[in-house]
Amino acid sequence: MTLILALETSTPICGIALLSEHNGVITVTKRQVEGVTGHSQSVLPLAYALLAEQGRSKSELSCVAFGNGPGAFTGIRVACGIAQGIGLALSIPLIPVGALHALAANAASRHPGRLIISALDARMDEVYLAAFLADQSGSLTLVQQPVLLSAADAPVFVMQRFLLWQREVSAGSALVGLTPCLIGEGWRLAGAMTGLPPEWLIDDLTALPDAYWVAQLSWLAWKKQQTVLPEHAAPLYLRDKVAFTTAERATGQGGNPRAAPAIGIALLPMSGADLDEVLELERSVQSHPWTAKNFEDALNAGYEAWVLRGDSELVGFCLAMVAPDVVHILVIAVAPKHQRHGLGLMLLKQVSETAKQRGQEGLLLEVRPSNSKALAFYQAQGFVQIGTRRDYYPAGKGEREDALVLKKTFEPV
């Protein structure tokens with residue numbers, strides 16, 4: 001039997017759900033309270049009452065799932081911290097579930113086979129937004145990582161990327177039933193839907209992430225063994241800076257920092273449809289590039305793979321392998337004419353966020369000693385040399401070049 005406790009506290013609603021699976025039969029029971037500031041005093045009593053009501057004890061729990069955001073800064077820390085406490089006390093793993101993912105799962109249950117775009121109110125006239133493809137069974141594939149945007153920028157951002165999202169999910173084949181579906185309270189903000197096609201489906205514009213869907217998604221993750229150790233769990237923050245310091249306020253920077261304006265670059269999961277352009281870019285920046293077979297094998301093996309796309313071209317990509325303790329960055333490249341514009345950092349940040357959500361302790365990569373620009377870039381991002389691989393790289397004329405092994409260790413949350 002599998003028993004999963006799910007916590008969702010990223011909004012004004014404090015939600016708890018208990019999922020049990022026995023002989024293939026799944027039941028989910030949910031309880032919630034609303035309007036309690038911070039939820040810290042409500043979570044455990046609500047959870048223990050639900051366990052008692054179902055005739056279960058905390059010692060029977062298989063794991064704890066928690067909504068890791070994005071959302072209210074204090075709320076997502078409450079869920080993460082309480083989940084960590086339970087996990088450490090019972091020696092059981094945790095499953096982080098994104099708030100926008102939970103929203104999309106809600107819509108997908110009613111609109112399978114569609115592109116689901118979920119949005120939450122991030123305050124200050126801004127939204128958190130992500131896009132998912134729901135197949136006919138309701139299973140979700142991420143096609144746009146969560147981003148923080150001005151609500152007024154959201155329609156332009158979505159329309160610029162809509163064709164790219166289609167390209168990612170169709171790989172050139174005919175699309176069926178891909179009319180987008182919008183869900184989430186973020187779409188109610190002024191300007192958030194201005195200019196979007198009127199035929200797009202509107203699901204629930206009052207919807208918030210719900211513990212029921214956190215529980216359902218955690219069951220899918222549990223079956224795939226996608227858990228993290230309690231000490232490695234972390235909230236998902238999209239707003240890197242939540243307030244100005246006293247010194248910054250003294251210079252006139254009142255209020256809180258706002259999201260940067262949307263840029264014309266989309267960060268998307270790599271698919272087979274991208275490989276021709278990936279190969280072309282790889283050959284333009286590497287003296288000894290990967291082959292098409294290398295990339296195909298990596299995608300088939302399920303490696304982390306991302307591309308950066310402008311309006312009409314691929315401008316960067318990265319590929320990384322998930323190891324037991326670290327994520328190993330294998331290839332990262334930005335087109336020469338687009339270098340020195342922060343795109344490499346965008347790719348590196350995505351790999352870092354993925355690694356943190358999976359509970360890895362850091363990132364690992366190799367770099368040629370002769371590649372002084374790359375070495376300086378990685379050192380500036382906190383990588384330090386931990387070793388050397390002798391004669392690792394081909395260097396032409398039958399010679400070889402060493403590789404410096406660099407590692408970045410994440411700071412404890």
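The values are calculated or read from the model by the stated rules, or taken from the named source; none is laboratory data. All values derive from a computational prediction rather than experimental measurement. For neighbour counting, all protein chains shown are included, and Cβ atoms are generated from backbone atoms with ideal geometry for every residue, glycine included.
A few notes on this one:
- Search result, residues across region 289-310 that are surrounded by fewer than 12 Cβ atoms within 10 Å (Cβ to Cβ) and not hydroxyl-bearing (Ser, Thr, Tyr): 293, 300, 301, 302
- Whether a residue is without any contact (Cβ under 8 Å) to a residue 24 or more places away in the chain and either surrounded by fewer than 16 Cβ atoms within 10 Å (Cβ to Cβ) or within 30 Å of residue 83 (Cα to Cα) (or both) was assessed, and residue 390 passes this test.
- Residue within region 122-131 that is surrounded by fewer than 23 Cβ atoms within 10 Å (Cβ to Cβ), within 20 Å of residue 199 (Cα to Cα), touching a strand residue (DSSP E or B) at 6+ places or on another chain (Cβ under 8 Å) and not small (Gly, Ala, Ser) present: no
- In a residue-by-residue description of region 373-381, the property of being in contact (Cβ under 8 Å) with a residue 24 or more places away in the chain, closer than 21 Å to residue 323 by Cβ and touching a strand residue (DSSP E or B) at 6+ places or on another chain (Cβ under 7 Å) applies to at least one position.
- Selected residue (only one of 40, 10 is in contact with a helix residue (DSSP H, G or I) (Cβ under 6 Å, 6 or more places away or on another chain), of a type outside the set (Asp, Glu), within 24 Å of residue 231 (Cα to Cα) and surrounded by fewer than 20 Cβ atoms within 10 Å (Cβ to Cβ)): 40
- Region 178-203 - residue that is buried (at least 16 other Cβ atoms within 10 Å of the Cβ) and either of a type in the set (Asp, Glu) or part of a helix (DSSP H, G or I) (or both) and, of those, farthest from the chain's Cα centre (by Cα): 203
- Test: residue in region 138-149 that is at pLDDT below 85, in a loop (DSSP other than H, G, I, E, B) and surrounded by fewer than 18 Cβ atoms within 10 Å (Cβ to Cβ): yes
- Checking each residue in region 97-115 for being at pLDDT 95 or above and touching a helix residue (DSSP H, G or I) at 6+ places or on another chain (Cβ under 7 Å) picks out 97, 101, 102, 105, 106.
- One residue stands out among those in region 345-371 that are β-branched (Val, Ile, Thr) and crowded, with 18+ Cβ neighbours inside 10 Å: the one that is farthest from residue 326 (Cα to Cα), which is 367.
- Condition check for residue 130: modelled with pLDDT of 90 or more and either under 16 Å from the mean Cα position of the chain (by Cα) or farther than 20 Å from residue 224 by Cβ (or both): yes
- Among the helices (runs of 4 or more DSSP H) confined to region 238-330, the ones with at least 3 residues that are more than 20 Å from the chain's Cα centre (by Cα) and modelled with pLDDT under 80 are located at 246-250.
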